[in-house]
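Chemist: Following this message is one structure expressed as structure tokens.
The values are calculated or read from the model by the stated rules, or taken from the named source; none is laboratory data. Computed from a prediction, not measured in an experiment: that's the story for all the values here. Ideal geometry is used to build each Cβ from the backbone, glycine not excepted, and the neighbour counts take in all protein chains shown. Heavy atoms of the whole protein, side chains included, go into the accessibility calculation; ligands, DNA and RNA do not. Shrake-Rupley method; radii C 1.70, N 1.55, O 1.52, S 1.80 Å.
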Amino acid sequence: MEFLHVPVMLDECIDGLNISPDGIYVDGTAGGAGHSSEIARHLSEKGRLISLDRDPDAVAVASERLSVFPNAQVIRSNYSEMRSVLDSLGIDKVDGILMDLGVSSYQLDEHSRGFSYHADAPLDMRMSKEGLSAADVVNTFSQQQLAKIIFEYGEEKFSRSIASNIVKAREETPIETTLQLAEIIKNSVPQKARREKNPCKKTFQAIRMAVNGELDHLSKGLEEAFYSLKPGGRLAVITFHSLEDRLVKQKFAGWCKGCICPPDFPQCVCGHKPQGTLINRKPIEADTKELERNNRSRSAKLRIIERSAEGNG
């Protein structure tokens, strides 16, 4: 299957990064190289692009598509390991970083990867193709663990019922395919909820996030990205659901905070200065034209922060 992936809010990302032709940039989620290719086009011969991805399929495709740019390279790595990658390349600070989060269109559409609840496939969901799989999670985690994952990561109000029915089903036979799990989920929610929208979305999202440790990697990745920026460098992050966006928003707000003295202090004694400045106070969302041509962009939110010349940390 061809690795199709339409880059979300491409123009907004490029504008937000405020690219310097001779600068060094990182794309923390290379995917199909849509964003990476456009960043590379804005660089001179002195510029440099490092694109990361943990999915070996994405690394292969991005390497081929970026081969026309001599100043670009692709490395298989999670963005949470960005600092060690840059250290290995002898790079101290960079001018800009982009992180396009979540699952790619290719991963969803390539049914053999097991991310989609629309087609039957092995229950996998591993972005790296390594480690714990979705089948491992649903067949070995306790009912309490499953309910917690589905409730916290999927924000699913029927999490207890779904977890209970997963455990009951696996006692009869292992849950090995996406449609097996989808059927269990559908039978675990009221008929009204099934009519309103596909009830599988939240649980599949939750299990995928648990399998790939997405929020933990994101928290670490944001820290490594921000502190790898030069003064004036920018970090742009695209999120696709509320848990990601909340985490990004909180991290950005913390970096932009000045005085941290207790509120009852008559004057500041901490001397703490903001480490960053928000480029957009509210998240940027896709415009009508993009929504018409790329349905995936409907839930996307872009937040951008600039590293301050001064600041603590």
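Chemist: So SER112 clears everything in (1) touching a residue at least 40 places away in the same chain (Cβ under 8 Å); (2) assigned to a helix (DSSP H, G or I) except one condition, right? Which one?
Modeler: (1)
Chemist: Identify the single condition in (1) closer than 30 Å to SER133 by Cβ; (2) surrounded by fewer than 14 Cβ atoms within 10 Å (Cβ to Cβ) that ASP287 does not satisfy, given that it satisfies every other one.
Modeler: Here ASP287 clears every test but (1).
Chemist: Let me ask you something else. Starting from the stretch 5-32, keep only residues that are within 18 Å of LEU218 (Cβ to Cβ), then list their pairs with residues that are charged (D, E, K, R) whose Cβ atoms are within a distance under 6 Å, requiring at least 6 positions of separation or different chains.
Modeler: Close Cβ pairs (under 6 Å, with a partner that is charged (D, E, K, R)) amount to THR29/ASP100; ALA30/ASP53.
Chemist: Something else about it: Please specify each residue of the stretch 105-131 satisfying the condition of being open to solvent by 60 Å² or more (accessible area, probe 1.4 Å) and under 22 Å from LEU243 (Cα atoms).
Modeler: Residue satisfying the conditions is LEU108 alone.
Chemist: Identify all residues within the stretch 190-200 that are open to solvent by 10 Å² or more (accessible area, probe 1.4 Å) and not small (Gly, Ala, Ser); write none if there are none.
Modeler: Selection gives PRO190, GLN191, LYS192, ARG194, ARG195, GLU196, LYS197, ASN198, PRO199.
Chemist: Moving on. Just the residues that are in contact (Cβ under 8 Å) with a residue 60 or more places away in the chain and open to solvent by 20 Å² or more (accessible area, probe 1.4 Å), please, taken from the stretch 201-210.
Modeler: Within the stretch 201-210, LYS201, ARG208, ALA210 meet the criteria.
Chemist: State all residues of the stretch 286-306 that are touching a residue at least 40 places away in the same chain (Cβ under 8 Å) and within 14 Å of CYS13 (Cβ to Cβ); if no residue qualifies, say none.
Modeler: ALA286, GLU290, ASN294, SER297, ALA300, LYS301, LEU302, ARG303, ILE304, ILE305, listed by residue number.
Chemist: Right, next: Consider the stretch 258-274. How many of its residues are open to solvent by 100 Å² or more (accessible area, probe 1.4 Å) and touching an Asp or Glu at 6+ places or on another chain (Cβ under 9 Å)?
Modeler: Final tally of qualifying residues: 1.
Chemist: Now for a different question. Which pairs have Cβ atoms under 7 Å, sit 6 or more apart or on different chains, and link a residue in the stretch 172-195 that is under 10 Å from PRO122 (Cα atoms) to one that is charged (D, E, K, R) and open to solvent by 30 Å² or more (accessible area, probe 1.4 Å)?
Modeler: THR177/ASP120; THR178/ASP120; LEU179/ASP120
Chemist: If you don't mind, another one. What about TYR106, is it hydroxyl-bearing (Ser, Thr, Tyr), touching a residue at least 24 places away in the same chain (Cβ under 8 Å) and touching a helix residue (DSSP H, G or I) at 6+ places or on another chain (Cβ under 6 Å)?
Modeler: Spelling it out, it is not the case that TYR106 is hydroxyl-bearing (Ser, Thr, Tyr), touching a residue at least 24 places away in the same chain (Cβ under 8 Å) and touching a helix residue (DSSP H, G or I) at 6+ places or on another chain (Cβ under 6 Å).
Chemist: Kindly indicate the residue of the stretch 143-173 that is within 15 Å of MET209 (Cβ to Cβ) and not in a helix (DSSP H, G or I) and also least open to solvent (accessible area, probe 1.4 Å) among those meeting that condition.
Modeler: Result: GLU156.
Chemist: While we're looking at this one, here's another question. Taking the stretch 10-50, which residues are over 18 Å from ALA225 (Cβ atoms) and part of a loop (DSSP other than H, G, I, E, B)?
Modeler: Listed by number, the residues that qualify are PRO21, ASP22, GLY32, ALA33, HIS42, LEU43, SER44, GLU45, LYS46, GLY47.
Chemist: Let me ask something additional. Of everything in the stretch 132-142, what is hydroxyl-bearing (Ser, Thr, Tyr) and open to solvent by 60 Å² or more (accessible area, probe 1.4 Å)? Give them in sequence order.
Modeler: Within the stretch 132-142, THR140 is the sole residue that qualifies.
Chemist: Those residues that are among the β-branched types (Val, Ile, Thr) and outside any loop (DSSP other than H, G, I, E, B), I need them from the stretch 189-208; list them, please.
Modeler: Answer for the stretch 189-208, where residues must be among the β-branched types (Val, Ile, Thr) and outside any loop (DSSP other than H, G, I, E, B): THR203, ILE207.
Chemist: Of everything in the stretch 84-102, what is in a helix (DSSP H, G or I), open to solvent by less than 50 Å² (accessible area, probe 1.4 Å) and either touching an Asp or Glu at 6+ places or on another chain (Cβ under 7 Å) or free of Cβ contacts under 8 Å to residues at least 40 places away in the same chain (or both)? Give them in sequence order.
Modeler: Within the stretch 84-102, just VAL85 meets the criteria.
Chemist: Of all the residues that make up the stretch 119-141, how many are more than 22 Å from the chain's Cα centre (by Cα), assigned to a loop (DSSP other than H, G, I, E, B) and within 25 Å of ALA193 (Cα to Cα)?
Modeler: Within the stretch 119-141, residues that are more than 22 Å from the chain's Cα centre (by Cα), assigned to a loop (DSSP other than H, G, I, E, B) and within 25 Å of ALA193 (Cα to Cα) number 3.
Chemist: Shifting gears a bit: Filter the stretch 228-257 for residues that are open to solvent by less than 30 Å² (accessible area, probe 1.4 Å), in contact with a helix residue (DSSP H, G or I) (Cβ under 8 Å, 6 or more places away or on another chain) and in a helix (DSSP H, G or I) and give the result.
Modeler: Result: LEU243, GLU244, VAL248, TRP255.
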